[in-house]
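Have a look at the structure that comes next, please.
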Amino acid sequence: MTYDDCVELLQRRGVTLTSISEIVYQLQHPYNAVLKQEDCLDSVKAILRKREVQYTLLTGITLDILAEQQLLPEPLQSIMEADESLYGVDETLALGITNMFGTIALTSFGYLDKAKVGIIQQLNNKGDHVHVFLDDLVAGLAAAASARIAHHDVNARQYDVSENIDEV
Ligand code: MG
């Protein structure tokens, strides 16, 4: 699994890095007037370079694909098809991405889970596709990329940048 595999996997499921970076821009622009779209794209790319993130995406998207192909054992197949709201494992997996980026990522993830901004909304209106995991994974990626920008922004005084966040 490499960065390129990850980008390709997302693209095959209808998610471009640009569509994720547009969510990041919406999240961060209110706090950072000089922020550019390309900064957001760079941040998404940096998140995707983490091996742990790549494995998380691979796991969730693989389950979506297997459910779409009706290949999962019961009762998981039926649960995934129904996208049952009490399932919750999709959110839990995506939190593995946000956990690396502290509370800013966590709050943004909660917001995106409710507001379903941009491509997340499109994944939700899915038609024949199963996107049980993908919508949450995209929200997790956007939240993490957004938090990464906030942590790097020395002017962002409204945030507690003293948290011990690994440089990515
Ligand atoms: Mg979901």
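Just so it is clear, none of the values below were taken in a lab; they were calculated from the coordinates. Remember, predicted model here, so these are calculated numbers, not experimental data. A quick note on method: Cβ atoms are made from the backbone with ideal geometry, for glycine too, and the neighbour counts reach across all protein chains shown.
In nm, what is the difference between 0.36 nm times the number of residues separating H152 and R51 and their Cα-Cα distance? Mind dumping the intermediate values first?
Details: separation 101, 0.36 × 101 = 36.36 nm, distance 2.08 nm.
Gain on extension, H152 to R51, equals 34.3 nm.
Given the convex hull of the Cα atoms of the chain, what is a quarter of its surface area in nm²?
Working: hull surface 37.4 nm².
Mean projected area of the Cα convex hull: 9.4 nm².
Could I ask something else about it? Using alpha carbons only, how many angstrom separate the centre of segment 1-29 from the centre of segment 54-117?
Computed from Cα coordinates, the inter-centre distance equals 16 Å.
Hey, another quick one. For the chain, what is the relative contact order in percent, using Cα pairs closer than 8 Å and at least 6 residues apart in sequence?
On the way: 191 pairs, mean separation 51.7, N = 168.
With pairs under 8 Å counted, the relative contact order is 31 percent.
Sum -39500 (n - 2.57) across every DSSP H segment of at least 4 residues in the chain, then divide by the residue count to get the 222 nm mean residue ellipticity, nearest 500. It would help to have the intermediate numbers written out before the result.
Numbers: 9 runs with 108 residues, N = 168.
After summing the helix terms and dividing by residue count, I get -20000 deg cm²/dmol.
Same structure again: Report, in debye and to the nearest 20, how large the dipole of the chain comes out about its Cα centre when Lys and Arg carry +1 and Asp and Glu carry -1 on their Cβ.
Numbers: 12 positive and 25 negative charges, 88 e Å.
Here the chain has a charge dipole of around 420 debye.
Taking DSSP loops as anything outside H, G, I, E and B, show the longest stretch in the chain free of GluC sites (Glu not before Pro) there with at most 15 other beta carbons within 10 Å. Please list the in-between numbers first.
Details: sites that count: E84, E163, E167.
Answer - 1-83.
How much length, in nm to one decimal, is gained on full extension between E81 and Q26, taken as 0.36 nm per residue of separation minus their Cα-Cα distance?
My answer for the length gained is 16.7 nm.
When the Karplus curve 6.51 cos²θ - 1.76 cosθ + 1.60 is applied with θ = phi - 60°, which whole-Hz ³J(HN,Hα) does each residue of segment 72-80 get, with x for Gly and Pro?
Ordered by residue, 3J(HN,Hα) equals 7, x, 6, x, 4, 4, 5, 5, 5 Hz.
Using only Cα atoms and rounding to the nearest 10 degrees, what angle (0 to 90) does helix 89-98 make with the longest principal axis of the chain?
Rounded to the nearest ten degrees, it is 20.
Related question: Quick check: residue separation of A115 and E8 times 0.36 nm, minus the Cα distance between them. What number comes out in nm? It would help to have the intermediate numbers written out before the result.
Working: separation 107, 0.36 × 107 = 38.52 nm, distance 2.65 nm.
Taking A115 through E8 to full extension adds about 35.9 nm, to one decimal.
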